[in-house]
Structures are given as structure tokens and as C-alpha cells.
Amino acid sequence: MVKKVGVSVFVLLLCIMSLSMLPVNRTMAESAPMSDIVKQTFDLTGATAEGYGVYAFSEINRTFLSMNKLEEMAASLNRTLSIRNPQTYRVQDGSQNLYQIYGVWAPDTKVSLVITSTNFTGHQPQTTLVIRVEKSSQDIADLPDSIQTVRDTVSQTSKTPQISTCINGFSNDRMDSMGRNDLFSKIFRFLKLEERETIRSDGMTIISGYSPRSQEYSLVGGKKTNIQIILRDDASKRKTQIIVGTPIVSTE
């Protein structure tokens, strides 16, 4: 069951997503959906899947809406999102109204829809939507369907929904530097990757870039970006955690 999330956590989430997730651009050129590219890249690593996440954000409008209006809007959106066994959570403190519907699609898949309306002093009123889908299972075949359901839902509030996706899993081996370099070389060739940023620290490597295999991308730091790969040592389990996401790995 999805836990209730406090106001401050969701405000932080909204800030992070609004800064990092600019509208996705698409062209009519021949290209694969990024969800397919992410799945193919993850398969290339040889990792065992543990689940996936789909996260969406949109600005609904720039007005301060009542709690009744948020409840009505959430119920309407949930007719598309179809959260099962829905429960609700609300916060109302004068300058902020928050309404959440949370539940599941299946026992291994948690779903949450949150609409937040704010009217802080010195800031323009704003109403935003956040949708989170998190599945914990080795079976990730339904990822494209999950993305489409989220897209269909959030598109009702925005012409340019901002959606990120990631697949997480693990390799049974703790990769040394040579193993990581070999894997990244293989990934670079497959994606024809244009590297944007690489971060290396003890036990972790993060690579962000743009693959022309798909014409979907977001502008991050003014540059086209549509994929991010993370390798992280898990010393306790003697494994390597592998996460592949688009356009960046976006989790709370």
C-alpha cells in the first residue's frame, strides 16, 4: 500500500521534477519509443529486473483551487488511471491544498495520484499533478502499458506531460572498473550515445546522454538528454545495482 506522503515531501518532489524534467520533444523521423530503448538497454546489461517506476508531473493551471475542486478533479482523472482499492489523504492549511488518491493496480504495483494547489505569499498561485507508479517484480513486460495509462491520464491536464521511467535490477557480480568500462562500451555502441555527463564516485558510476535511436528527449542544461544509466555497488549483497532511466532517473 502506498504510504501517505506529507506536504513538504511533495513540494520537494515538485521542485525537483519541474527543474529537471522539461517537456519531451518528438519528431516524425523513424525512431523507437524511449520505453523500448530503456528496456533494450537494461536487457543488454544482463541484469535481473527487480521492478520499474513511472513518474509524471504536469502543471494543471496557475490558480488556487479549493479542496472540493481538487477532489472532483482527482476523481475524474482516476477514471483513466484506475487505482484499485483507492484510499485518500488530504491536507488543507490556508495557503496549500493537497489531495491524494493512492492504492494499487496489482499486489506488486503501487499507484499514487496527488494534486497540489498553492497560494504562497510572493509567488503565483499554481496547481500541479504528480502520478507515481512503482512495481516490484521481475516481470516488467507491462511497462509500456503502464506508461501509456499514465500518459493518457496526465495528458488530460497538459499538452506536454513530463514523464520519466526507470527500470531497476541487479547483477550477481560486483563489477570492477574493467567490467564497468566493458559494459559501458557495449551500451555506448548500442545507443550510439552522445555523452552529456559522467559522475564517478566510490562504488558508483552515473552516465547521462542522448541516443539518436529515439527522437524523444528533454532539454537538461540546454542539451538533448534521453537516457541515464547508474551502476552502484551493493556491498551488503555482493551485487551491482543497475538502473536505466529516461530521460533521467527520477525517484524520490
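The values are calculated or read from the model by the stated rules, or taken from the named source; none is laboratory data. All values derive from a computational prediction rather than experimental measurement. Don't worry about glycine lacking a Cβ; one is built from the backbone with ideal geometry, like all the others, and counts go over all protein chains shown. To get the accessible areas, we keep the full protein, side chains included, count just its heavy atoms, and leave off ligands, DNA and RNA. Shrake-Rupley method; radii C 1.70, N 1.55, O 1.52, S 1.80 Å.
Projecting label points 7 angstrom from Cα along Cα→Cβ for S201 and R174 puts them 1.8 nm apart. Site pair K159 and K192 shows an inter-label distance of 3.0 nm when each label is modelled 7 Å from Cα along Cα→Cβ. Solvent exposure of the chain amounts to 49 Å² per residue of accessible area, where only protein heavy atoms count and the probe is 1.4 Å. Just need log10 I(q)/I(0) for the stretch 199-252 at q = 0.13, 0.15 Å⁻¹, Debye formula, equal scatterers on the alpha-carbon atoms, no solvent, rounded to two decimals. Here the Debye-derived log intensity ratios amount to -0.37, -0.48.
For the chain, the relative contact order is 26 percent, taking Cα pairs closer than 8 Å that sit 6 or more residues apart in sequence and dividing their mean separation by the residue count.
Our coupling estimate for the stretch 211-221, obtained by passing each phi through the Karplus curve with A = 6.51, B = -1.76, C = 1.60 and θ = phi - 60°, is 10, x, 5, 10, 8, 8, 6, 10, 8, 10, x Hz, Gly and Pro reported as x. Per-atom-type breakdown for the chain gives carbon and sulfur 48% of the accessible area (1.4 Å probe, protein chains only).
What is the ratio of the Cα radius of gyration of the chain to 2.2 N^0.38 Å, where N is its residue count, to two decimals?
That works out to 1.04 for the chain.
Across the stretch 99-170, C-alpha contacts under 8 Å between residues 6 or more apart give a mean separation that, scaled by the residue count, equals a relative contact order of 21 percent. The distance linking the stretch 211-252 with the stretch 49-103 is 26 Å (Cα centroid to Cα centroid, whole angstrom). Here the label points at R79 and T63, each 7 Å from Cα along the C-beta direction, are separated by 2.0 nm in the simple model.
Based only on Cα atoms, what Rg/Rh ratio does the stretch 113-239 have, Rh being taken as Kirkwood's radius? Let's see the in-between values first.
Numbers: Rg = 18.3 Å, Rh = 17.7 Å.
When Rh is taken as the Kirkwood radius, the ratio is 1.03.
Rounded to two decimals, what ratio of Rg to Rh does the stretch 62-153 give with C-alpha atoms and a Kirkwood Rh?
On the way: Rg = 14.6 Å, Rh = 14.1 Å.
Value, to two decimals: 1.04.
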